[in-house]
Amino acid sequence: MAKVPIYPGSSSFFPGDTPFGFYDNDIDFQQDADKVTEFVARRLGYPIMDVELQNVNFYTAFEEAITTYGNELYAYKVRENYLSIEGSSTGSNLNHQIITPNFANIVRYSEQYGEEGGTGGNVTWYTGSIMTKVNQQDYNLEEWADASASLATGDSIEIKRVFYGPNVPASARYLSPFDGFGFGGVAAAGFMGYGGEGGAGGYLMMPISFDMQKIQSIEFNDTIRRSQYSFELINNKLRIFPIPINDHKLFFQYIKLSERNNPISTSPTGSGNVTNVSNVPYSNPTYLEINSIGRSWIYEYTLALCKEMLGYIRGKYSTVPIPGDSVTLNQSELVTAATAEKNALIERLRSYFDETSRDKLMERRASETESRMKELASVPYPIYIG
């Protein structure tokens, strides 16, 4: 059997001894590398037992443990803040930035409701028009779209609003100087030049509810006693009421279905924006800035990694011959213990991060406030007699 290299009992770290060199120029990392090597070797039984690892193996495990700690930390930060981060620039490193929660993504989601209601959104509303014909009640707006809406192949439109009604709306007719209903202020408003627009004199000595009821009364009158202007729209097939008695232009607003169904946001644009968790601009942590809580976890994880490596090495030489006998090494015990320890450390770290999440901290603050109020309620109130 070939001679197996073992830990020599001391180490001296130099930049370049780790595979990636993420932390090689960090003074604290350089100082801790040899200390961690000695700590792990002793935990693995040295000097009572040989440890079949070299210094570079310890350094590699130390580097991996720090990187794993940073990965877990920043993965938690991404989960905590992704709604506020998505769409921001990838050009600024977020390691040392305080993320302020914002409504950017929430507003982006809610805009779609505004688009459906005609009060916002990011889908363009276009304006079109057709000429109504005398005695023609039905109009196919899909045919109009094919000819006039500049649609791509397979695209279609959806009508959002149809402007079809009396030439003068009820609100303007209410203020008309020629359609007074007994209240002289309205006629006076018309003569003063406010007719149809509603000036300051149009509500003299009357509550606003009076105006609303009169406007509604005019609309009900048109609906019940007269042939009210209305329309029916099914699958972009328009039917108008009453049947036109003259030719005139009818306007409507529509959207293109390809634009509404397009899931790609147009703002912000460019390759320099956060679009998924893989390009959120977090980098490896600075070892110098990791506190004692984090370093303690890193030391333990380094030990678990070295224990795993040692188990795989001893698995290659599971039985070592000695004069007159052989020795069986503890490969399986080392690998099993290392796997369990790594999983437990990861779960402990994630639980710790979850306990410091924004919602958990707010719950704790609310609980503290409630307890404080209960405690204050038990304090006797003094009675002052003057």
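Of all residues in segment 22-54 being of a type in the set (S, T, N, Q) and surrounded by fewer than 19 Cβ atoms within 10 Å (Cβ to Cβ), which is nearest to Lys342 (Cα to Cα)? Checked segment 22-54; the qualifying residue nearest to Lys342 (Cα to Cα) is Gln54. The condition of being closer than 24 Å to Leu334 by Cα, buried (at least 20 other Cβ atoms within 10 Å of the Cβ), out of contact with any Phe, Trp or Tyr (no Cβ under 6 Å at 6 or more places or on another chain) and not hydroxyl-bearing (Ser, Thr, Tyr) holds for Ala61. For segment 167-185, the criterion of being exposed (fewer than 13 other Cβ atoms within 10 Å of the Cβ), over 30 Å from Asn122 (Cβ atoms) and at pLDDT 65 or above is met by at least one residue.
Among residues of segment 240-290 being assigned to a helix (DSSP H, G or I), of a type in the set (S, T, N, Q) and touching a residue at least 12 places away in the same chain (Cβ under 8 Å), the one that is nearest to Gln31 (Cα to Cα) is Asn279.
Exactly one residue among Phe58, Phe39, Phe14, Phe29 is more than 35 Å from the chain's Cα centre (by Cα), over 17 Å from Tyr299 (Cα atoms) and of a type in the set (Phe, Trp, Tyr), and that residue is Phe14.
Scanning segment 104-120 for residues that are closer than 17 Å to Asn273 by Cα and not charged (D, E, K, R) yields Ala104, Asn105. For segment 8-46, the candidate set comprises residues that are among the acidic types (Asp, Glu) and assigned to a helix (DSSP H, G or I); within that set, the residue that is nearest to Gly311 (Cα to Cα) is Glu38.
The values are calculated or read from the model by the stated rules, or taken from the named source; none is laboratory data. Keep in mind the model is a prediction, meaning the values are calculated, not measured. All Cβ positions, even for glycine, are placed from backbone atoms using ideal geometry, and neighbour counts span all protein chains on display.
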